[in-house]
Amino acid sequence: MSFISRSIEYMSQTDVIHLFFPWLLVLAFTFGVLEKYEWFDDDAVNAAISISTAFLSIGGVYFFAPSGIFVNFGALLAFASFVALGFLIVMAVAGIDIEDMTDSEQNIPLLAGLGILGLGLLIIGGNALGLPEFLANLGLEDYLVQDVVMPILLFGFILAVIVFTSR
C-alpha cells in the first residue's frame, strides 16, 4: 500500500477528513466573504466570526446530518469541477476558441458543472432519506442504474460533444 493511501486511511480513521477539513473549508469561506465585503473593519472580528460560524455549522451538521455527508459533498464538488474542466478540454481539442464564443456560450462548462453538482446534491439527499433501501425493496436499483440512468448520461455527454464540436 502506498504512502498516500495509508495517509488517507489514517486521516479517515481519525476524523480529519470528516471533521477538520470541512471545518477548515467553512472557516476559510466565511473569512474570505467577510474580508471581501468588508462588513467589519477589524480583522480580529472577522476571524472570531469565522471561527464561530465554522464550529457552529460543522457541529450542527455533524450531530444532525447522516455520517459521511461532508465526504460525499467533497467528492461531488471534485466530480463537478472535473466535468467543467473536461468540457473545456474537449472544446480545446476540437479547436474551439473560448474567446470567440458569445457570453452565453462561454458559460456552458460552468453550467455543466453546476448541473452535475445539482444532480449530485439530489443523489446525496436521496441517499440520506433512505432512497437506496426503498429501491432495493422494490427490486429496481440495478435496473434503474444500468438500463435507465447510465444510457441517458452517456447519450447526453455524446450529444453535448457533437453539438459543441459541430459549431
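Read-outs throughout are calculated quantities, based only on the coordinates presented, and are distinct from any laboratory measurement. The structure presented is a predicted model; accordingly, all values stated were derived computationally and were not measured. All Cβ positions, glycine included, derive from the backbone under ideal geometry; neighbour counts span all protein chains shown.
A few remarks follow.
- Span-like helix ranges in the chain, DSSP H, alpha carbon extent 27 angstrom or more, Kyte mean at least 0.5: 43-64, 69-93, 108-128
- Order of Tyr37, Tyr62 - criterion: other Cβ atoms within 10 Å of each residue's Cβ, fewest first: Tyr37, Tyr62
- The range 42-133: C-alpha gyration tensor shape, a/c 1.5 cut-off, then a/b vs b/c: oblate
- Where labels lie 7 Å past Cα in the beta-carbon direction, separation of Ser104 and Val61 in nm: 3.5 nm
- Largest GNM mean-square fluctuation across Phe157, Phe55, Phe73, computed for the chain with C-alpha springs under 10 Å, falls on Phe157.
- Shape of the range 26-91, Cα gyration tensor, a/c cut at 1.5: oblate
- If the Kirkwood radius is taken over C-alpha pairs of the range 3-64, then at 10 °C and 1.306 mPa s the Stokes-Einstein diffusion coefficient equals 124 µm²/s.
- Range of Cα positions in the chain per principal axis (Å), largest first: 54, 50, 35
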